[in-house]
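Below you'll find the structure, written out as structure tokens, and then a few comments.
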Amino acid sequence: MSTLLKNTELTSERADSIVSETLNNCDDGELYIEDTKSETIVLDDNKIKSSNYTSDLGYGFRAVTGDTVAYSHSNEISEKSLKNSSENLKSTLKNNSGTYNSEIKKTNQKLYKDVDPIESKSMKSKIELLNNMNEYARSKDSSVKQVTASLLAEKKNVEIIRSGGELLSDNRPLVRINMSVMVEKNGRKETGVFGIGGRQDYDEYLKNDNWKKVCDEAFRIASTNIESKPSLAGEMKVVLGPGWPAILIHEAVGHGLEGDFNRKKTSAFHDLVGKKVASDGVTIIDDGTLDNRRGSLNIDDEGTPTERTVLIENGILKNFMQDRLNARLMNTKSTGNGRRESYKHVVMPRMRNTIMLGGSNNQEEMIKSVDKGIFAVSFGGGQVDITSGKFVFNCTEAYEIINGKIGSPIKGATLIGDGPSSLKEILMVGNDMMLDPGIGTCGKAGQGVPVGVGQPSLLINNMTVGGTQL
Amino acid sequence: MIKDQEYLKKIADICLSKSKKLGSSDANILVQSSVSENVNVRNKKLDGSERSENLGVVLTTYLGKKKSSIASSNLKESNLDELVNRCIETMKITPEDEYNSLPDKDLHFKGLKDLDLYDETHLSNEDKINYIKEAEEEAFSNDKIINTNGSGFGENKSNFLLANSNGFADGYKTSQFTAYCEVVSKSNGSMERDYEYTSKRFYSDILKPKQLGSIAADHAVKKLNPQKIKSEKISLIFDKRISKNFLSIFASAISSSAIAKGTTFLKDKLNQQVFNPEINIQDHGNIRKANGSRYFDSEGIAVVNLDLIKNGILQDYLIDTYNGKKINRKSNGRASGTTNLYFQNGSKTFEDLIKSENKILYIKETIGHGTNIINGDYSVGASGMMIENGEFSYPVSEITIAGNLNNIFKNITLADDLEFNYATNSPTMMVEGMVVGGK
């Protein structure tokens with residue numbers, strides 16, 4: 001019995017029968033129902049600037065036959081509306097017929113608690129927290145001229161009804177605490193941004209005055225950047241710090257290993273399974289099963305339990321990330337990577353927590369080995385062109401390395417590389433694997449989903465650094 | 001079907017009266033309804049179809065200088081009761097902010113709605129599929145096109161009503177027809193993708209399918225077998241699809257929110273030379289049928305035409321009520337951002353630009369988010385074509401371009417080829433002496 005359909009004008013029985021009748025002659029499909037509550041409170045320029053609460057309930061009805069997907073979604077939940085959607089799906093697929101694959105793995109996986117982070121902390125204490133963060137950050141130094149702090153919490157309950165009446169469900173909490181500090185000194189302005197979060201109540205992230213560390217880190221990055229000098233342009237060696245810089249992995253290879261691009265043969269990796277795509281010692285996984293992590297899910301948005309998928313093992317390309325559609329067309333199984341931003345969006349293969357496992361080198365020896373290069377500690381964001389394999393990411397904290405020593409901080413440089421070849425340029429893999437602090441959102445085809453990344457320190461032989469100094 | 005004004009008004013009235021009853025002093029509500037239908041094809045075959053119906057409200061309540069907002073897609077009366085209640089309760093414990101208020105009544109939009117923003121043309125899914133298949137067929141007639149990433153056609157119709165407790169209540173229908181074609185070219189082991197995109201309020205104004213397909217194919221083929229160039233200081237010409245991005249950056253740097261907080265490199269630059277004297281930038285909301293046209297902003301304030309840059313000098317900011325109060329300025333109807341934002345045409349032709357120096361790098365695509373509005377630093381990945389002696393010679397990729405927007409803005413030369421294809425539009429743009437990071 002569906003819980004989310006209670007108090008709507010659609011009964012579970014009618015939903016089941018419309019779903020079964022519609023999907024009878026299709027290869028796959030489901031009715032996805034989502035109830036999302038979210039709350040965003042922003043402190044900006046010394047004031048609580050906004051408090052927004054959103055409540056959204058809707059469904060997405062999908063029918064798949066062959067490689068054709070028909071999708072209809074609505075936030076009007078009634079028998080009439082669902083029947084309209086059903087007619088719509090049938091008319092798209094009228095010339096195709098398939099055999100419904102009712103097989104779907106079961107799980108008792110519980111990677112996070114069924115808590116409601118919006119309700120478990122009072123509005124009053126949330127406002128107090130933001131005010132404390134503002135005051136604390138401003139008290140750190142007179143150079144702090146602007147502070148923006150925000151709290152985001154979400155509770156997303158999803159249900160998946162498959163043909164035959166099978167119902168799968170998952171209740172997903174998510175929080176994020178963000179801090180942005182702008183400092184001004186000698187006419188120069190720079191910002192530092194830091195945040196933490198995951199699938200637990202706020203208080204789990206606030207133990208031991210942890211919010212102070214968030215403010216400290218944002219202030220430290222801004223203060224470092226205020227001393228930065230213009231970056232050199234050109235090819236050089238790059239040492240990446242552990243943790244969040246793994247968005248390099250996410251952009252450079254992650255997207256290129258998503259099933260859809262490989263089925264369509266538009267990824268630079270599509271014909272490289274079993275081949276060497278990275279240096280020895282490089283192992284990359286996509287893991288949806290880590291407790292309380294931002295990219296973790298008990299089941300994906302098609303109902304498949306998530307798993308730990310090995311993508312690259314010791315340099316050899318092993319697997320792509322799959323949803324049900326692409327797995328079926330490529331004669332393999334879904335890896336539990338079928339995700340969507342909301343009921344308004346179609347499912348695609350998407351990353352969860354993408355991680356490069358640790359190796360044996362230490363960061364010190366990496367830096368020592370570089371005559372001229374950069375040490376990149378944190379990044380703002382990245383982007384990739386799947387087909388050509390070119391990717392970029394923007395440093396938000398980086399230093400020059402001269403003769404094996406860390407030198408001055410350098411201004412926001414862009415790094416650009418080629419996905420398939422840059423992994424072969426990895427010279428050392430660190431022993432300091434770290435996960436990111438829990439703030440990542442990945443965008444693909446206009447859909448944003450929460451993800452995680454992780455990696456040890458890395459030494460890359462050759463990347464192009466964008467700068468203004470020749 | 002999208003809901004009519006009468007239905008939207010009914011929902012708005014319910015919410016406004018509920019919030020008044022529960023103790024708010026003021027309230028503002030937006031009720032929206034939209035229907036969109038999209039089809040996707042890939043390799044000339046139907047890949048998918050999608051239909052979406054959306055209905056939702058956004059309510060902001062005020063108690064003096066206290067404020068709170070809720071949004072929901074569930075318009076059942078019992079749910080609305082609960083949400084309005086929640087909004088009011090949150091509002092009561094939110095600290096006061098002296099700048100919170102409904103907008104100035106005198107600035108409310110009261111004019112005629114005669115800009116032709118709605119085309120009732122409806123295409124059947126069959127017609128949509130035929131349009132986009134024809135585009136892909138045209139792309140495949142180029143023998144270097146071996147695959148597509150998917151191409152699509154979308155039709156969106158929406159209606160909305162904006163109302164507040166000061167008596168404003170108005171809304172209107174808009175439409176948008178969009179088509180894109182993204183193809184993959186291959187030659188000598190090099191694989192590249194590129195696209196063309198068209199989006200207009202009226203179906204009759206979008207590109208014809210054959211044009212869409214052939215332009216996409218041409219873009220993708222020209223990118224094949226790129227070279228990486230050496231790091232150097234060189235003049236750049238930005239293709240129109242990239243040059244308009246500088247206008248978007250400029251717009252975010254002159255938003256009253258950034259100005260009030262001091263988080264922009266254009267703070268305190270009013271009435272100063274920001275661009276070179278040949279540059280003029282306008283933001284005009286009243287162009288018939290145009291993508292960015294609107295009658296009023298998200299606060300109900302009439303959109304006035306702005307000449308943001310005149311002879312290179314910054315004349316105005318983009319101002320909403322809240323941030324306007326912080327900087328002692330009245331709203332100019334920009335709570336929803338810019339309308340139709342564009343550079344006026346320059347005096348050079350495209351040919352003049354590409355022949356102006358012996359060696360120029362033509363930028364057709366940028367990648368990454370390397371713009372820092374606070375200090376004007378700009379650093380992105382890029383690809384394009386090398387121009388030698390006025391001729392396009394070879395494709396270039398895996399490079400970065402970097403500079404500071406204060407300098408970039410003062411070194412812009414514009415061509416005379418402005419077209420109104422998007423909401424933000426620019427002619428082809430040349431910027432002298434930027435640093436390219438390459439080999």
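Readers should treat all values here as calculations from the given coordinates under stated rules, not as data from a laboratory. In this text the structure is predicted, and so the values were computed from the model without any measurement. Quick reminder, even Gly has a Cβ in these numbers, built from the backbone with ideal geometry, and neighbours come from all protein chains shown.
Here is how the numbers come out for the structure above:
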| read-out | value |
| --- | --- |
| Chain A: angle of helix A:79-92 to the longest principal axis, Cα-based, in degrees nearest 10 | 80 |
| Rounded if a/c under 1.5, otherwise prolate or oblate - region A:223-361, Cα gyration tensor axes | prolate |
| Centroid-to-centroid separation of region B:86-125 and region B:223-282 [C-alpha atoms, Å] | 30 |
| Net charge of Cβ neighbours under 10 Å - reference residue B:119; Lys, Arg +1; Asp, Glu -1 | +1 |
| For region A:128-192, average projected area of the Cα convex hull in nm² | 6.4 |
| Anisotropy class of chain A from Cα gyration tensor, a/c 1.5 cut | oblate |
| Separation in nanometres of the label points that stand 7 Å from Cα toward Cβ, at residue B:420 and residue B:202 | 1.0 |
| Cut-off under 5 Å, modelled amide H: who pairs with residue A:346 long-range | none |
| Dipole magnitude (debye, nearest 20) for region A:367-470, charges at Cβ of Lys, Arg, Asp, Glu | 100 |
| For chain B, size of Cβ-based charge dipole, Lys and Arg +1, Asp and Glu -1, in debye | 940 |
| Mean shadow area of region B:57-179 over all directions, Cα convex hull, nm² | 13.2 |
| Average partner coverage of A:231-238, which counts Cβ from other chains inside 10 Å | 5 |
| Summed side-chain charge close to residue A:183 - residues other than residue A:183 whose Cβ falls under 11 Å, Lys, Arg +1, Asp, Glu -1 | +3 |
| Amide H within-cut-off set for residue A:452, under 5 Å, with H built and near neighbours excluded | A:295, A:353, A:354 |
| Helix A:12-23 vs. chain A, principal-axis angle (Cα, 0 to 90°, nearest 10) | 90 |
| Degrees, to the nearest 10: B:209-222 long Cα axis against longest axis of chain B | 50 |
| Debye intensity ratio in log₁₀ form over the Cα atoms of region A:177-216, taken at each q of 0.22 Å⁻¹ | -0.71 |
| Karplus-derived HN-Hα couplings along region B:358-371 (A = 6.51, B = -1.76, C = 1.60, θ = phi - 60°), whole Hz, x at Gly and Pro | 5, 9, 9, 9, 9, 9, 10, 8, 10, 9, x, 10, x, 10 |
| Cα-based Kirkwood hydrodynamic radius, region A:334-389, one decimal, Å | 15.9 |
| Region A:327-464: mean projected area of Cα convex hull, nm² | 9.9 |
| Label-point separation, residue A:313 to residue B:166 (7 Å along Cα→Cβ), nm | 6.7 |
| Residue (of B:324, B:401, B:437) at the positive-pole extreme of region B:318-439, dipole from beta-carbon charges | B:324 |
| Which of A:286, A:141, A:35 has the fewest Cβ neighbours within 10 Å, and the rest in rising order | A:141, A:35, A:286 |
| Reference-scaled alpha-carbon Rg (2.2 N^0.38 Å with N residues) for region B:226-439 | 1.05 |
| Rounded if a/c under 1.5, otherwise prolate or oblate - the protein assembly as shown, Cα gyration tensor axes | rounded |
| Sorted by Cβ density within 10 Å, fewest first, the residues A:433, A:330, A:1 | A:1, A:330, A:433 |
| For region A:234-466, radius of gyration divided by Kirkwood radius, i.e. Rg to Rh on alpha-carbons | 0.97 |
| Spacing of the two label points (7 Å from each Cα toward its C-beta) at residue B:328 and residue A:213, in nm | 4.6 |
| Built amide H within the under 5 Å cut-off of residue B:399, gap 5+ | B:382 |
| Residue-wise HN-Hα coupling along region B:52-61, computed from phi with Karplus coefficients 6.51, -1.76, 1.60 (Hz; x: Gly, Pro) | 9, 10, 10, 9, x, 10, 10, 10, 10, 10 |
| Cα pair distances exceeding 25 angstrom across region A:97-216, given as percent | 44 |
| Relative frequency of Cα-Cα separations exceeding 19 Å in region B:179-332, percent | 69 |
| Nearest-0.05 FRET efficiency for residue B:120 and residue B:76, computed from C-beta distance (R0 22 Å) | 0.15 |
| Estimated FRET transfer efficiency (residue B:315, residue B:25; beta-carbon r; R0 35 Å; 0.05) | 0.45 |
| Alpha carbon Rg of region A:154-195, scaled by the compact-globule rule 2.2 N^0.38 Å | 2.39 |
| Backbone HN-Hα couplings from phi across region A:287-295 [Karplus 6.51/-1.76/1.60, Hz, Gly and Pro as x] | 10, x, 10, 7, 4, 6, 7, 4, x |
| Normalised contact order of region B:226-439, rounded percent, pairs of Cα under 8 Å and 6 or more residues apart | 31 |
